[in-house]
Structures are given as structure tokens and as C-alpha cells.
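Peer 1: Take this structure, written in C-alpha cells, and hold onto it; I'll ask about it next.
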Amino acid sequence: MTKEKTPLKVWIVDDEPGMCLGTKRALRDHVIDMEDLNVSVNFEVNTMESGEAFLTNLKGDKPHILLLDGKLPGIDGIEVLEELAKQSTKILTIMITAYATLEKAVKATKLGAYDFLAKPFTPDELRYALKKASRDIILTERAKQLEAEKQQVRFEFISVLAHELKSPLNAIEGFADIMKGRVAGNDIEKYDHMINRMCARIGGMRKLITDLLDLTRIESGKKKRILEPINLNSSVENVIENNIGLAQKNNITVNVAPSNKCSINGDSGEIEMLLNNLITNAIKYNKPNGNVDIILKPSETTISIIVRDTGIGMSKEEQQNLFKEFSRIKNNKTKNIEGSGLGLSIIHKIIQLYNATVNVTSEVDVGSEFTIELPIQ
Amino acid sequence: MSENKTVLLVDDDEDFLLQHKMLIESCGYIVTTAQNRSEAEQLLTTLKPSIAILDLMMEQADDGFVLAHHIRQIDSSIPIILITAVTSETGLKFGVVSETDKKWVKADVVLSKPVRFEQLKSELERLLS
């Protein structure tokens with residue numbers, strides 16, 4: 001991986017020309033490699049002879065790092081810091097001091113000075129101080145970026161969620177309005193289909209809220225996890241039993257190939273959530289009269305759970321955003337399949353909790369196969 | 001007035017279709033529905049609607065636009081009402097008010113979802129009068 005080159009602007013404010021020149025020389029062509037952050041820093045140095053000159057230059061530009069002499073003609077270093085604080089301008093400032101009094105140092109620190117460099121200093125001392133400062137700047141910048149990205153993701157999630165919650169409400173409201181206006185007459189039976197649709201949309205909304213709560217509980221880590229030995233054979237049986245109705249409705253045959261030695265350490269709620277999402281998907285996205293095969297395969301260190309269906313399958317393109325929230329595949333074949341769009345996100349989150357892996361193979365109109373490899377631990 | 005006038009209603013939301021078919025029929029129109037662009041294009045090979053009501057975002061985000069162009073090519077006199085949730089979801093506003101809009105939005109009216117039926121009804125009456 002090539003390192004990201006980051007030039008940082010350094011301004012030196014000192015009335016001694018020799019001092020400015022020496023500093024400039026020490027930093028020219030100096031590169032700091034930060035292997036762990038994958039970045040290399042170099043410096044663009046500018047010198048100014050007075051606090052006034054610095055404040056004037058500040059109107060057009062701003063340095064990353066300021067090397068500020070404490071004792072200057074005209075306004076001194078402390079006054080420069082006071083002015084910066086007044087303007088709420090934040091610049092990482094290293095005070096250069098010949099004879100710093102404790103009182104001055106405390107004052108400078110209170111005004112936000114980051115570090116001190118005592119005159120006279122060697123080029124290495126200067127470079128060391130700048131290395132520390134650069135590192136802080138880069139880490140702060142990265143934290144800011146990460147925070148912004150997180151906010152963006154959160155914002156997108158909430159917008160989609162709002163849409164997913166609003167559409168069933170709109171539908172239900174529409175039906176209620178029709179019934180209120182007796183658009184189909186006074187005969188209640190005329191509204192049977194509408195009532196069924198309203199119930200279905202309410203059911204869908206409830207499922208969405210349940211899935212959302214599951215997802216946030218796993219994500220926040222606040223859900224109390226009880227880790228105990230779990231027999232995957234019986235977990236699979238439980239989940240199938242809960243979904244018999246769904247399978248019968250679509251005339252899907254569910255086959256299980258159980259295995260001996262299928263015990264792992266886990267939280268039974270999480271494991272059933274994982275299996276439930278896998279198995280209901282295999283049933284829902286199947287074809288009428290299709291099959292679902294569930295195979296448990298233990299090895300030395302892992303147990304593989306394979307869930308295979310004979311359903312509608314997915315194209316390569318459709319597989320790309322599979323685990324992203326609300327990324328439901330929208331086409332003619334899926335239009336009548338109910339789903340919250342969160343099932344695979346839940347699977348993904350649980351897999352991360354168990355250091356497990358998931359592998360998907362799929363072919364359009366042939367079927368999909370999800371393989372989860374759970375470490376036994 | 002509305003006798004024998006055929007409305008082509010296209011939306012991927014089956015509940016929206018069910019509700020609006022019923023409501024528009026209660027005003028005396030004949031309503032034909034389609035749940036996606038290709039279904040609508042298929043219908044248009046034999047059906048000549050008096051007016052079309054199209055959802056903007058179906059399988060593809062621009063299905064409504066494409067369908068509107070298609071209808072304009074078949075018969076530019078068929079009025080088109082485009083309905084969309086874009087405004088309520090993204091805050092993005094567009095319509096057929098300015099001249100630039102009119103160039104690329106091939107619709108007579110753009111209504112935002114959720115649609116107030118009274119408004120849809122009066123637009124139908126106005127465009128078919």
C-alpha cells in the first residue's frame with residue numbers, strides 16, 4: 001500500500017532571523033513516516049517576524065502548526081494566543097521560550113498552547129516535537145472523518161427506515177379512508193380484501209420493528225448474552241417448527257441432515273435468530289413446491305451450517321449489496337414477498353459476533369446456498 | 001362526462017393500485033392497472049387510454065419518466081399525471097412549472113405522494129374536459 005502524503009503547514013513566528021532560518025533548514029526535506037497510520041508527513045514552512053505580521057497573514061490562510069516565540073517586539077506570544085482564543089481560531093501551537101517563567105507557561109497552557117520548546121533547541125528536538133504534533137493532527141483529522149462518515153450512514157439509515165415505516169401507514173390510511181367514505185357501498189364483505197391487506201401491512205410493520213430492535217440490540221452490545229453449549233440440531237428443529245406454516249403455505253419441503261457432535265458455545269437467542277433468518281429466506285424466496293436443505297457439517301474447529309434452496313436465486317449484481325440494511329432485491333419475482341429488508345443485516349451482525357464467516361453462491365432461477373462457518377471455540 | 005374514459009394507472013405498490021382503482025372507478029371512469037413498466041408497455045400495444053397516471057419510481061428510479069416518453073411517442077395528446085414520493089423523501093422539488101422542467105418532464109401534472117384523492121380527481125376532470 002502506498003503511503004498517503006500529507007503536507008502540513010508550519011508557521012514560525014520569531015523576531016530572530018537566525019532562529020527562523022535554522023528552523024526552516026531543519027524542516028526542509030524532512031519527512032516523517034508514520035507506518036501505523038500509513039501516512040508520511042512533510043512540512044511547508046513559512047516565517048514571520050512579529051505577532052502583528054502573523055495575525056495579518058492569518059486573514060488569508062491558516063497553518064496546521066504554529067511555532068510561536070513567547071517574547072516578541074510589539075504584541076508578545078501570550079497576546080497572540082489571547083487573540084486566537086478571542087477569534088475562536090484553533091491552531092496547534094508550540095511555544096518557543098528562552099526563559100519561560102512558570103506563570104507564563106501556565107497562562108499559555110490555559111490559552112491552549114500544545115507544547116513548549118526551550119531555546120536553544122537542537123534540530124532533533126524540534127523534529128521530535130513536530131512529530132508528536134503531526135501525529136495528533138492526523139489522528140484528530142481521522143477521528144473527525146470517521147465521525148462524519150458515521151453520521152452520514154446513520155442519516156441514510158434513518159431516511160430509509162422512515163420510508164419503510166411510512167409506506168405501510170400510507171396504505172393503511174388509504175384503506176381506512178375508502179372504508180370511511182363507504183366507497184364500495186355499505187356491505188362489509190366488499191371490504192374483506194382491504195381488511196386483509198391492512199392486517200398484512202400491520203404485520204409487516206410489526207416485523208420491521210422487531211427486526212430493527214433485534215439489530216440495534218446486537219449492535220449496541222447491550223443485550224445480555226448468555227453463552228452456553230447449544231445443540232444446533234435442536235435449534236434447527238425449533239426454527240423449522242416455528243416456520244411450518246410458512247413452508248406449507250408455499251408447499252415447500254424442508255429437509256434436514258442432522259449430525260452428531262453439533263454443539264457450540266453460544267447464546268441460544270442469537271443462534272435461533274441467525275437460523276430463523278436463513279431458513280425463512282430460503283422458504284420465502286423459493287418457488288412453489290420447492291425444497292430447502294439444511295445441512296450441519298462439523299469439522300475439527302468449525303461447524304458449517306448450509307442452507308440451500310431451489311428458489312429464484314440472485315444475479316451477481318444483486319448479490320453485491322446483500323448484507324446492507326434495507327437492500328431488498330426488487331424485481332417481478334420478489335414483489336409479492338414480504339420482508340423487512342433487515343434479515344441479512346441481522347445475519348451479518350451475528351456472524352461478526354461469533355467470528356464466523358458466510359459464503360453465498362447463487363444462480364438465477366436455480367437457487368441460493370448460504371454457508372455459515374461457526375468456530376467451535 | 002367521465003363515461004367510457006379509460007385511465008391507465010401504473011404503480012408498483014399493489015395497495016396503492018387497489019385503492020386508487022376503486023376510488024377512480026367510483027367517479028365513473030374505467031381503470032386499467034399495471035404494476036411495472038413492461039406490463040404497462042405491453043398493455044399500451046392494444047389499449048389507448050384517455051389519460052395515464054404513472055408512479056415515478058418503480059423497479060428503476062426513472063421508470064415513470066421512461067413510460068411517459070413512451071406514451072408521448074404513441075400519442076402526444078394523452079394527458080399524463082406523474083406521481084412521486086421523491087419530494088417527501090428527499091426534499092428534492094421538481095414539477096412542470098418552469099420551461100426547463102417542461103422540456104424533460106413529459107407530464108402535465110406532477111403530484112407528490114401521499115396523494116390527496118380530491119386533488120387527483122380534480123386534475124383528472126380538468127385534463128379530460
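Values in this text are rule-based calculations from the coordinates and carry no lab data. Bear in mind that the values here come from a model prediction, so they are computed numbers and not experimental data. Glycine gets a Cβ as well: all are built from the backbone with ideal geometry, and neighbour counts include every protein chain shown.
Peer 1: With θ taken as phi - 60° and the coefficients 6.51, -1.76 and 1.60, list the Karplus ³J(HN,Hα) couplings across the stretch A:144-150 in order, rounded to whole Hz; mark glycine and proline as x.
Peer 2: Once θ is set to phi - 60°, the couplings for the stretch A:144-150 become 5, 4, 4, 4, 5, 5, 4 Hz.
Peer 1: How large is ³J(HN,Hα), in whole Hz, for each residue of the stretch A:287-303 in order, when computed from phi with the Karplus curve 6.51 cos²θ - 1.76 cosθ + 1.60 and θ = phi - 60°, using x for Gly and Pro?
Peer 2: My calculation for the stretch A:287-303 gives 9, x, 6, x, 10, 10, 10, 10, 10, 10, 9, x, 10, 4, 10, 9, 10 Hz in order.
Peer 1: Okay, moving on. How far is it, in nm, from the label point at A:Lys132 to the one at A:Lys107 when both lie 7 Å from their Cα along the line to the Cβ?
Peer 2: 2.3
Peer 1: Which residues' amide hydrogens lie under 5 Å from the amide hydrogen of B:Ile83, considering only partners 5 or more residues apart or on another chain, with H built in the peptide plane?
Peer 2: Amide H neighbours of B:Ile83, under 5 Å, 5+ apart: B:Leu54, B:Asp55, B:Leu56, B:Leu111.
Peer 1: Let me ask something else. Once the Cβ-Cβ distance between B:Gln119 and A:Glu363 is put in as r, and R0 is 41 Å, what FRET efficiency do you end up with, to the nearest 0.05?
Peer 2: In this case the efficiency is close to 0.30.
Peer 1: When a footprinting reagent is the concern and you count Cβ atoms within 10 Å, what order do B:Asp13, A:Asp187 take, fewest first?
Peer 2: A:Asp187, B:Asp13
Peer 1: Could you list A:Asp214, B:Asp108 in order of exposure, starting from the residue whose Cβ has the fewest other Cβ atoms within 10 Å?
Peer 2: B:Asp108, A:Asp214
Peer 1: What are the ³J(HN,Hα) values, in whole Hz, obtained from phi via the Karplus relation 6.51 cos²θ - 1.76 cosθ + 1.60 with θ = phi - 60°, for each residue of the stretch A:358-365 in sequence order, with x given for Gly and Pro?
Peer 2: Once rounded to whole Hz, the list reads 10, 10, 10, 10, 7, 9, 4, 6.
Peer 1: Another question, then. Between the DSSP loop rule and a limit of at most 16 other Cβ atoms within 10 Å, which GluC sites (Glu not before Pro) in the stretch B:12-80 are left?
Peer 2: Those that pass, being in a loop and sparsely packed, are B:Glu59.
Peer 1: Next question, about the same structure. Once you put a point 7 Å from the Cα of B:Arg126 and another 7 Å from the Cα of A:Asn265, both along the Cβ direction, what distance in nm separates them?
Peer 2: If labels sit at B:Arg126 and A:Asn265, their model points lie 7.1 nm apart.
Peer 1: Between 0 and 90 degrees, rounded to the nearest ten: what's the tilt of helix A:17-27 against the longest Cα principal axis of chain A?
Peer 2: The two axes meet at around 30 degrees.
Peer 1: Which residues among the stretch A:87-108 fall inside the zone where the amide N is under 17 Å from a point 7 Å beyond the Cα of A:His30, along Cα→Cβ?
Peer 2: A:92-97
Peer 1: Do any trypsin sites (Lys or Arg not before Pro) in the stretch A:5-70 lie in a loop, going by DSSP, with at most 16 other beta-carbon atoms within 10 Å of their beta carbon, and if so which?
Peer 2: When the trypsin sites (Lys or Arg not before Pro) of the stretch A:5-70 are filtered for loop state and at most 16 Cβ neighbours within 10 Å, A:Arg28, A:Lys59 remain.
Peer 1: Please give the residues of the stretch A:338-369, grouped as numeric ranges, whose backbone N is less than 19 Å from a label point set 7 Å along the Cα-to-Cβ vector of A:Arg206.
Peer 2: In the stretch A:338-369, the label zone of A:Arg206 (backbone N under 19 Å from the point 7 Å along Cα→Cβ) covers A:338-343.
Peer 1: The stretch A:67-126: which chymotrypsin sites (Phe, Trp or Tyr not before Pro) are DSSP loop and have at most 14 other beta-carbon atoms within 10 angstrom?
Peer 2: Those satisfying the criteria are A:Tyr99.
Peer 1: Then there is this: Using only helices, what value at 222 nm comes out for chain A when you add -39,500 (n - 2.57) per DSSP H run of length 4 or more and divide by the total residues, to the nearest 500 deg cm²/dmol?
Peer 2: Rounded to the nearest 500, it is -15000 deg cm²/dmol.
Peer 1: If you don't mind, another one. Helix A:343-353 versus the longest principal axis of chain A: what angle, 0 to 90°, nearest 10, using Cα atoms?
Peer 2: Computed tilt is about 60 degrees.
Peer 1: Out of residues 5 or more away from A:Lys9 or on other chains, whose amide H comes under 5 Å of its own, with H placed 1.01 Å from N in the peptide plane?
Peer 2: Counting only residues 5 or more places away or on other chains, the set is A:Glu44, A:His64, A:Ile65.
Peer 1: Work through the residues other than A:Ile240 whose Cβ is under 13 Å from its Cβ and net out their charges, Lys, Arg +1 and Asp, Glu -1.
Peer 2: -4
Peer 1: Looking only at GluC sites (Glu not before Pro) in DSSP loops with at most 16 other Cβ atoms within 10 Å, what is the longest site-free stretch of chain A?
Peer 2: A:1-299
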